[in-house]
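Report on the following structure.
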Amino acid sequence: MTTEQASTKPYLIRAIHEWCMDNGYTPHLLVAVNPQTRVPMAYVKAGEIVLNLNYTATKDLLMDNEAVSFSARFAGVSQNLYVPMTAVKGLFARETGQGMFFEVDNMPADGDLSDGASQVPNQSNASTAVNSKKPKLTIVK
C-alpha cells in the first residue's frame with residue numbers, strides 16, 4: 001500500500017478538456033517536449049508544441065493519470081503521440097485562451113539538456129520553474 005498522494009494535474013486536465021468540449025471550444029494541450037514525449041518534432045518550436053485535443057482531430061484519445069496519448073494526422077500522415085503528464089504545461093480553449101497552466105514536473109537538470117536550451121520557454125522565471133519541486137497553478141481568465 002502506497003501512501004503517496006496522486007497528483008491533481010491529470011484530473012484537472014481531464015476537467016478542463018470536458019469543460020472545453022461542453023462549451024464548444026477547441027481544447028489545446030501545451031507540451032514541453034522532453035525525451036519521454038513522442039510528438040512530431042517538425043512541429044516543435046522553442047522546445048514546445050501545441051496539440052489540438054478535439055475529438056474530431058484525434059483518434060483513440062486517452063487521458064489517464066500517467067499520460068495523454070492519441071493518434072492524429074500531421075500533413076496527412078497518421079502518427080501516434082504520447083505526452084507524459086510531467087511534460088504537460090497546460091490545457092486551454094483556443095477560442096478564449098481560458099484554461100489552466102502548470103509548471104513542468106521532473107525536467108532534467110540544466111546540465112542534462114541535450115540542446116542546451118531552457119525547457120521552460122515563455123516563462124518569466126524559468127530557472128525557478130525548472131528547479132521547483134512543487135507544481136504551481138495559474139488560472140488564466
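The numbers here are math on the coordinates, done by the rules we state, and not lab data. Computed from a predicted structure; not experimentally measured. Reconstructed Cβ throughout: ideal geometry from the backbone, glycine too, with neighbour counts over all protein chains shown.
Odds and ends about this structure:
- At R0 = 25 Å, FRET efficiency that the Cβ-Cβ distance of Y11 and T56 yields, to 0.05: 0.55
- Taking 0.36 nm per residue of separation and subtracting the Cα-Cα distance, full extension of the segment from E66 to K45 would add 5.2 nm.
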